[in-house]
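Encoded as structure tokens, the structure appears first; notes follow it.
The values are calculated or read from the model by the stated rules, or taken from the named source; none is laboratory data. Every value quoted in this text rests on a predicted model; they were computed, and no experiment measured them. Here the Cβ is made from the backbone with ideal geometry for all residues, glycine too, and neighbour counts use every protein chain on show.
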Amino acid sequence: MRRAPSLVRAVLLGGLGLGLARPASAQVGHDPASSPYEDLRGRQAATIGIGTLAPGRDPAGVAPSGGLMLTGRYDLQLTRPLWFFARLGVAPSLERPIKDPLFTDAQRDAGTERHPMVLTEVGLNMNLTGNKSWRRIVPQLHGAIGFVTDGNTTFDLGGYKFGSAFTVSYGLGARVTTGRAWELHADLTRVHWKYTYPDVYGAGSDPLVSSRQLGPWVGNSVIQIGVSRFFFR
């Protein structure tokens, strides 16, 4: 009678071994030839994209306006679902309002200036379907840190410059496979950075901002679509 548990264990282990021996491309309930899942290509990728930067409205109203952004991106597979990525985005020319805090109402508007804006990020990207696509789609989540700069080192007449700022971002993406090395990629990213206003913005009887808002964090959106080339299958 004591042999029954041993026999059960042997059967279970044998069944487990058969299950592990199945081809990786076969999915439960799907014939591999007609499965909606497909193995992904490549362990590295280079992407060129185009999109738009839509800055959030900062309390003082001196943020750069939205505009075209050109992007380049490199991806490296770390594990089956997890990828490292680095992205460079360049907005060639964004307009920014200039405010003079010594005046009130409409008199504060002191014109505009234009500067390019550069966004650099490094982070991690997670494929939600692992190392496979589902009906040629790979939904993704990503997060990153980086910095943004307009390259300007000169203060305007109100004592403010955008300069450079640390960034934290997160978002959603999608990889669209084609069965070849060339694929499409799209993503929506929420990028947060901090504005640093001069003290004069919070001074006087009618300040531009509250003295408690001289360093606000503001969320900004980047929408991108691009073409990717994958390497090293």
* Hey, any hits in segment 80-98 for a residue that's part of a loop (DSSP other than H, G, I, E, B), at pLDDT below 95, within 30 Å of residue 197 (Cβ to Cβ) and under 21 Å from the mean Cα position of the chain (by Cα)? -> no
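Restricting to segment 127-164, what's the tally of residues that are assigned to a strand (DSSP E or B) and in contact with a Pro (Cβ under 6 Å, 6 or more places away or on another chain)?
First, pick out the residues of segment 127-164 that are assigned to a strand (DSSP E or B): 127, 132-134, 137-149, 164.
From what is left, the residues that are in contact with a Pro (Cβ under 6 Å, 6 or more places away or on another chain) are 127, 134.
Final tally of qualifying residues: 2.
Among the residues of segment 181-217, count how many are part of a helix (DSSP H, G or I), within 27 Å of the chain's Cα centre (by Cα) and buried (at least 17 other Cβ atoms within 10 Å of the Cβ).
Here is the first cut: in segment 181-217, the ones part of a helix (DSSP H, G or I) are 199-202, 211-213.
Still in the running and within 27 Å of the chain's Cα centre (by Cα): 213.
Checking the rest, the ones that are also buried (at least 17 other Cβ atoms within 10 Å of the Cβ) come to none.
Qualifying residue count for the region: 0.
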* To do: Identify the single condition in (1) in contact with a helix residue (DSSP H, G or I) (Cβ under 7 Å, 6 or more places away or on another chain); (2) without any contact (Cβ under 8 Å) to a residue 24 or more places away in the chain that residue 207 does not satisfy, given that it satisfies every other one.
  => (2)
* Filtered residue count, segment 99-114, keeping only those that are in a helix (DSSP H, G or I), touching a residue at least 12 places away in the same chain (Cβ under 8 Å) and either surrounded by fewer than 12 Cβ atoms within 10 Å (Cβ to Cβ) or of a type in the set (Gly, Ala, Ser) (or both) -> 0
* To do: Select from segment 133-169 the residues that are in contact (Cβ under 8 Å) with a residue 40 or more places away in the chain and among the charged types (D, E, K, R) and write down the one among them that is farthest from residue 194 (Cα to Cα).
  => 135
* Complete set of residues in segment 40-66 that are more than 30 Å from residue 130 (Cα to Cα) and in a strand (DSSP E or B) -> 54
